[in-house]
Amino acid sequence: MVKLSVIVPFYNVQQYAPDTLRSLKANAREDFEFILVDDCSRDGTPEILARAERELPGAVLVRHEQNGGLATARNTGIDRARGEYLTFLDGDDWLAPGYFARLVTAIEDLGCDFVRTDHVQCTARSRTVNRVPVGRRNVVMDPREAILPTDRSTSVDYAFAWAGVYHRRLVDKGLLHFTDGLRTAEDRPWIWKLHREAESFAAVSLLGVFYRRGVASSLTQIGDVRQLDFIRAFDQVIAETAQDRDAEQLLPKAVRTYCAIISHHLGSIERFEPAVAKKLKSMSAAALRRMPQDVLDEALDSMDLQRATKLRRLRRRPAPAGAAA
């Protein structure tokens, strides 16, 4: 039986894919499989993956005929996975040798639905350790209790699918798939769903994932219309949380986070193409008006004056026809 399935989407990452694949080889084990999803790359990535299919133990290569984005590529991998446990890696990141074996040991020892890990963020030559914002380590907890408090960074704000490992029962319960077609912020509805509906989780102080920031082809660096999918992602978070049995307690966290993300994008609006920047403003204004207004008022009252003033002004902005997400 396959112990661990590792799902790795690739899209136009020929510069970085060899490092990623070498690190997978340094993690290979006879009961591990590596599902390499080529999301219709147009550079040299397909040739690199074809070699990996022959040379990487446990490699399973899947090719998309059309580019579907990261969420769709991950779903393809989940559907092909045979492992008792599943995890993810992005095609431009890499791993420490033997990391996956330690990760599997951690979740087997704890016996929980999912485990979250720390990671190393790599920007040019800079290295920064990012910790899961959970104080208790190596202790099984209720995921719902890690959503709050509203005004502090919590586990739902640490929305990195590759920073952890997940038991197959989450797939069987319909909790591990991503919202198909989301081009950015795909981890946000996913991590909220996990914390609302899974039964148990833990955080461990295990370093081994190296997350590459500042990649020119990354959506976080490109100011095109795909970036606006964050609105669809957070609309989903709000809608699903509003149906939760603890909606009154959880919605303030979801709304405040949504506001913070809107503010973040508006604060760097110059990186967007002019037409996209205009659409960002109109779609954000419509999004603010869709939120529960009493909860939004409380969220804005709790934010710093400069950000709150900008968002209140945006909420009053007339929305042109067709501006809804």
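The values are calculated or read from the model by the stated rules, or taken from the named source; none is laboratory data. Owing to the predicted nature of the structure, the values given are computational and were not obtained by experimental measurement. Every residue, glycine as well, gets a Cβ built from its backbone with ideal geometry; the counts of neighbours run over all protein chains shown. These area figures cover heavy atoms from the full protein model, side chains too; ligands, DNA and RNA do not enter into them. Shrake-Rupley method; radii C 1.70, N 1.55, O 1.52, S 1.80 Å.
Here are the numbers for the structure shown:
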{"read-out": "Heavy-atom accessible area ranking, 1.4 Å probe, most first, across HIS264, HIS177", "value": "HIS264, HIS177"}
{"read-out": "Candidate residues ASP244, ASP304: accessible-area rank, largest first, probe 1.4 Å", "value": "ASP304, ASP244"}
{"read-out": "Candidates ALA275, ALA159, ALA233: whichever shows maximal mean-square fluctuation once the chain is modelled as a Gaussian network with Cα springs under 10 Å", "value": "ALA275"}
{"read-out": "Accessible area of the chain divided out per residue, in Å², using a probe of 1.4 angstrom", "value": "44 Å²"}
{"read-out": "Fraction of alpha-carbon pairs over 16 Å apart in the range 112-219 - percent", "value": "61 percent"}
{"read-out": "Of the trypsin sites (Lys or Arg not before Pro) in the range 42-90, those whose Cβ has at most 16 other Cβ within 10 Å and which sit in DSSP loop", "value": "ARG42, ARG82"}
{"read-out": "Qualifying lysines (Cα of each under 24 Å from Cα of LYS279; at least 8 residues distant if same chain)", "value": "LYS310"}
{"read-out": "Sum of -39500 (n - 2.57) over DSSP H runs of 4+, divided by residues of the chain (222 nm, nearest 500)", "value": "-12500 deg cm²/dmol"}
{"read-out": "Radius of gyration and maximum dimension Dmax of the range 1-74, Cα, Å", "value": "11.7, 35"}
{"read-out": "Computed E for ARG271/ARG102 - FRET, C-beta separation, R0 56 angstrom, nearest 0.05", "value": "0.90"}
{"read-out": "Sparsely packed GluC sites (Glu not before Pro) within the range 53-151, loop by DSSP, other Cβ within 10 Å at most 14", "value": "GLU65"}
{"read-out": "Beta bridges by DSSP in the chain, antiparallel share as percent, to the nearest 5", "value": "35 percent"}
{"read-out": "Cα gyration tensor category, rounded, prolate or oblate, for the range 177-300 with a/c compared to 1.5", "value": "oblate"}
{"read-out": "Distance (nanometres) between label positions extended 7 Å along Cα→Cβ at GLU248 and SER126", "value": "4.4 nm"}
{"read-out": "Kirkwood-based shape ratio for the range 1-128, expressed as Rg/Rh from alpha carbons", "value": "0.95"}
{"read-out": "Gyration tensor verdict on the range 94-146 (Cα atoms; rounded if a/c is under 1.5, prolate if a/b is larger than b/c, oblate otherwise)", "value": "oblate"}
{"read-out": "Estimated Rh, the chain: Kirkwood, alpha-carbon pairs, angstrom", "value": "20.6 Å"}
{"read-out": "Computed FRET value (nearest 0.05) for ARG29 with HIS264, which takes r as the C-beta separation and R₀ as 41 Å", "value": "0.55"}
{"read-out": "Loop-located trypsin sites (Lys or Arg not before Pro) in the range 129-169, at most 12 other Cβ atoms within 10 Å (DSSP)", "value": "ARG136, ARG152"}
{"read-out": "Spatial separation of Cα centroids for the range 65-86 and the range 257-282, in angstrom", "value": "30 Å"}
{"read-out": "Whichever lysines have a C-alpha closer than 30 Å to that of LYS173, once near sequence neighbours (fewer than 8 apart) are set aside", "value": "LYS3, LYS193, LYS253"}
{"read-out": "Fraction of accessible area attributable to carbon and sulfur, the chain (%, probe 1.4 Å)", "value": "48 percent"}
